[in-house]
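Since every read-out is calculated from the coordinates, none of them should be taken as a lab result. Predicted, not measured: the structure shown is a model, and the values here were computed from it. Note that each Cβ is placed from the backbone with ideal geometry, even for glycine, and that neighbours are counted across all protein chains shown.
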């Protein structure tokens, strides 16, 4: 593959990328270089770190856009944590349009 997005933090992502490809790394992106980058360099793969800075004001703006309908998230299906197997099966079948969403268990009063 030309581009692999690593959302797990596993060096195996390098094996999925073609020589000259890119691994876009999410977990540990702000940390120092590690074994993933060493393995990538040896395989001729470039690692790109995805780092974001938390912003309460940006999150509030997104929440307002969701509330007023100017931002719409296309959700294909939701699953509870007890339905993770079904969610993975659906993902393997191909979702088509929209996102699959895992809903966390309730942690307190609504």
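Report relative contact order for the chain in percent, whole number only (criteria: Cα-Cα under 8 Å, sequence separation at least 6).
The value is 18 percent.
With Rg and Dmax of the Cα atoms in Å as the read-out, I listed (i) 17.9, 51; (ii) 25.0, 77; (iii) 14.0, 44; which label goes with the value calculated from this structure? Label of the calculated value: (i).
Model label sites at residue 74 and residue 93, defined 7 Å from Cα along the beta-carbon direction, differ in position by 1.9 nm. The angle between the Cα long axis of helix 56-68 and the main principal axis of the chain comes to about 50°, on a 0 to 90 degree scale.
How many nm separate the modelled label positions at residue 26 and residue 48, each set 7 Å beyond the Cα in the direction of the Cβ? In this crude spin-label approximation the distance works out to 1.5 nm.
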